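Novice: This is the structure, below, for whatever I ask next.
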Amino acid sequence: MARDERAAEVRELVAHIDRALACPVHEHHLVAVELLEQHVALLGPADLPRVERLLREARTWALVDPRAIAVVGALVERTSGLDEVLDRWATDADFWIRRAALLALLRPLRRGDGDFERFARYADAMLDEPEFFVRKAIGWVLRDTARKRPDLVYEWLLPRAARASGVTVREAVKPLSEAQRSAVADARAGRARATRT
């Protein structure tokens, strides 16, 4: 596609999205998400600030999650050099942006590849996070990663089981073997005993 043609299509896409977002009705905002997902191939790194603004304005998982996974995730997968953006997001004051940094890594991890080290670094730094939606996202990514690579998730989670929240652990252990789930539960129970004494 010629550069001018792509630029025109991006402008048209942005105009449709802006019209949808101008309406205060939630379903119109969902339409904007659908438009982004359907036309993500048109987007490039230069469009990431606009996507970040949309993430910041979303303020709900129903709008943040698909933008983070399908839009930012697609950009991260096909474009090098976005690591610095995700690194910045992972320490952002806005917990929705921190959640987006985690979920942007989900698609390749779900397939059995992807940058688990980057995810693990982010998750380890956020493991003590008080915000439910961040704790849930950590567990979600671990759960989906464990479907293809359970030993990787188990080895990462076991030494952190005492620090991880209940929701993180409940999600993460679902695909693990019974023995692995028991070992994680024992590690958590050890924390509970230590807290009581």
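Novice: For region 161-183, what are the residues that are assigned to a helix (DSSP H, G or I) and surrounded by fewer than 18 Cβ atoms within 10 Å (Cβ to Cβ)?
Specialist: Of region 161-183, the ones assigned to a helix (DSSP H, G or I) are 166-172, 178-183.
Gly166, Val167, Arg170, Glu178, Ala179, Arg181, Ser182, Ala183 - these are the residues of region 161-183 that are assigned to a helix (DSSP H, G or I) and surrounded by fewer than 18 Cβ atoms within 10 Å (Cβ to Cβ).
Novice: State all residues of region 137-191 that are small (Gly, Ala, Ser) and at pLDDT below 95; if no residue qualifies, say none.
Specialist: Taking region 137-191 as the starting set, the residues that turn out to be small (Gly, Ala, Ser) are 137, 139, 146, 161-162, 164-166, 172, 177, 179, 182-183, 185, 187, 189-190.
If the condition is that a residue be small (Gly, Ala, Ser) and at pLDDT below 95, then Ala189, Gly190 are the ones that fit.
Novice: Sort through Leu102, Leu54, Leu43 and tell me the only one that's closer than 25 Å to Ala146 by Cβ and either surrounded by 18 or more Cβ atoms within 10 Å (Cβ to Cβ) or of a type in the set (Asp, Glu) (or both). First the steps, then the outcome.
Specialist: Values: Leu54 fails: closer than 25 Å to Ala146 by Cβ; Leu43 fails: closer than 25 Å to Ala146 by Cβ.
Of Leu102, Leu54, Leu43, the one residue that is closer than 25 Å to Ala146 by Cβ and either surrounded by 18 or more Cβ atoms within 10 Å (Cβ to Cβ) or of a type in the set (Asp, Glu) (or both) is Leu102.
Novice: Follow-up question, since we're still on this one. Restricting attention to region 121-155, and to residues there that are surrounded by fewer than 19 Cβ atoms within 10 Å (Cβ to Cβ) and hydrophobic (A, V, I, L, M, F, W, C), which single residue is farthest from Arg98 (Cα to Cα)?
Specialist: Leu152
Novice: Between a first residue in region 121-138 that is more than 15 Å from Leu106 (Cβ to Cβ) and a second residue that is among the polar types (S, T, N, Q) and at pLDDT 95 or above, which pairs have beta carbons less than 6 Å apart while being 6 or more apart in sequence or on different chains?
Specialist: Hits for this filter: Arg135/Ser165; Arg135/Thr168.
Novice: For the structure I just gave you, tell me whether Glu117 is at pLDDT below 95, charged (D, E, K, R) and out of contact with any Gly (no Cβ under 6 Å at 6 or more places or on another chain). It would help to see each step written out before you state the result.
Specialist: On the way: at pLDDT below 95: no; charged (D, E, K, R): yes; out of contact with any Gly (no Cβ under 6 Å at 6 or more places or on another chain): yes.
Here the answer is no, as Glu117 does not meet what is asked.
The values are calculated or read from the model by the stated rules, or taken from the named source; none is laboratory data. Quick caveat, the model's predicted, so the values are computed rather than measured. Here Cβ is always computed from backbone atoms with ideal geometry, including for glycine, and neighbour counts include all displayed protein chains.
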